[in-house]
Amino acid sequence: MLGMLRVVNIHKRFGDLDVLRGVSLELERGEVLTIMGPNGSGKTTLLRIIALLEKPDSGFIEFEGSNLTYTQECIDKFKSILAFVPQKPPILSFSVFNNIYLPLRAAGFDSHLAREVSWDMLNIFGLNVYAHKNANKLSTGERQLLALARALALNPKVMLLDEPTAHLDAKHAVMVRNFLKDYVHRRKIYLIVVSHSVDEAKFLSDKLMILVSGVVKALYSGGFDISDVERWL
């Protein structure tokens, strides 16, 4: 369907372990879906499958009316509009500024625009004071902010975030949540977030999926009670 990201009946097995068993979801443009569940539920694997980094054993992903295949052409095309930020995002061994600027240049931004966007994102995430510092010298939380800034700078249509505020203090976590919620609704992108924070899910989510042992146990749309969610975690 146009204007929709659909994951249909995904199964994934690693050895003797069924990691995902018949997982399906639908997300419209401008919506946030949060995925919650205990450790080992298959949440990260599901994100990696949606990002075309893992191939499911069965099932398929449909993006705006077209089935995504695992041909290199399809992977390259989808990755050009996708931002995936894992729990431990890779950081380039360059300055903080160049961690945003160089990927923008590689994506085809001209030098002036890449520089302007880089500074904008550094200012938004409070990293401008570290612009010329080697990114490997940043704290874990600062690296997480840098990875988010770098992903957003590329103006993606689809964002997949794995525990985006896990290493942030309360002040920065609130800032990131506020920015993401505004960004998604203003830009009309698709955002899927894996989180262990019920408060984060409550604030961000248009839809909430509970994944337990690879099975969708509950799917909430338009709000939920915290007590309903906590019993699964």
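The values are calculated or read from the model by the stated rules, or taken from the named source; none is laboratory data. None of the values given here were measured: they were computed from a predicted structure. Counting neighbours? That spans all protein chains shown, and the Cβs are built from the backbone with ideal geometry, glycine included.
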(message) Just to check your reading of the model, which residue among Leu82, Leu53 is surrounded by fewer than 17 Cβ atoms within 10 Å (Cβ to Cβ) and either touching a residue at least 40 places away in the same chain (Cβ under 8 Å) or of a type outside the set (Lys, Arg) (or both)?
(response) Leu53
(request) Kindly check whether there is at least one residue in the stretch 179-190 that is assigned to a strand (DSSP E or B), at pLDDT 95 or above and buried (at least 22 other Cβ atoms within 10 Å of the Cβ). (result) yes
(request) State whether the residues of the stretch 64-82 include one that is more than 21 Å from Leu152 (Cα to Cα) and either of a type in the set (A, V, I, L, M) or at pLDDT 95 or above (or both). (result) yes
(message) Quick check on the stretch 136-158. Is at least one of its residues surrounded by 15 or more Cβ atoms within 10 Å (Cβ to Cβ), part of a strand (DSSP E or B) and of a type in the set (S, T, N, Q)?
(response) no
(request) Within the stretch 180-198, identify whether any single residue is closer than 30 Å to Asn98 by Cβ and among the aromatic types (Phe, Trp, Tyr), and answer yes or no. (result) yes
(request) List the number of the failed condition for Leu2; all other conditions in (1) farther than 25 Å from His196 by Cβ; (2) at pLDDT 95 or above; (3) not aromatic (Phe, Trp, Tyr) hold. (result) (2)
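Yes or no: the stretch 201-208 includes at least one residue that is in a strand (DSSP E or B), of a type outside the set (S, T, N, Q) and surrounded by 16 or more Cβ atoms within 10 Å (Cβ to Cβ).
Taking every residue of the stretch 201-208 in turn, at least one turns out to be in a strand (DSSP E or B), of a type outside the set (S, T, N, Q) and surrounded by 16 or more Cβ atoms within 10 Å (Cβ to Cβ).
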(request) Report whether or not Lys171 is in the same structural domain as Asp225 (by TED's automatic domain parsing) and either surrounded by 15 or more Cβ atoms within 10 Å (Cβ to Cβ) or within 25 Å of Ser95 (Cβ to Cβ) (or both). (result) yes
(request) With the condition kept exactly as written, say whether any residue in the stretch 113-136 is in contact (Cβ under 8 Å) with a residue 12 or more places away in the chain, under 24 Å from Leu191 (Cα atoms) and under 14 Å from the mean Cα position of the chain (by Cα). (result) no
(request) From Ser93, Ser80, grab the single residue that is more than 26 Å from His196 (Cβ to Cβ), among the hydroxyl-bearing types (Ser, Thr, Tyr) and out of contact with any helix residue (DSSP H, G or I) (no Cβ under 9 Å at 6 or more places or on another chain). (result) Ser80
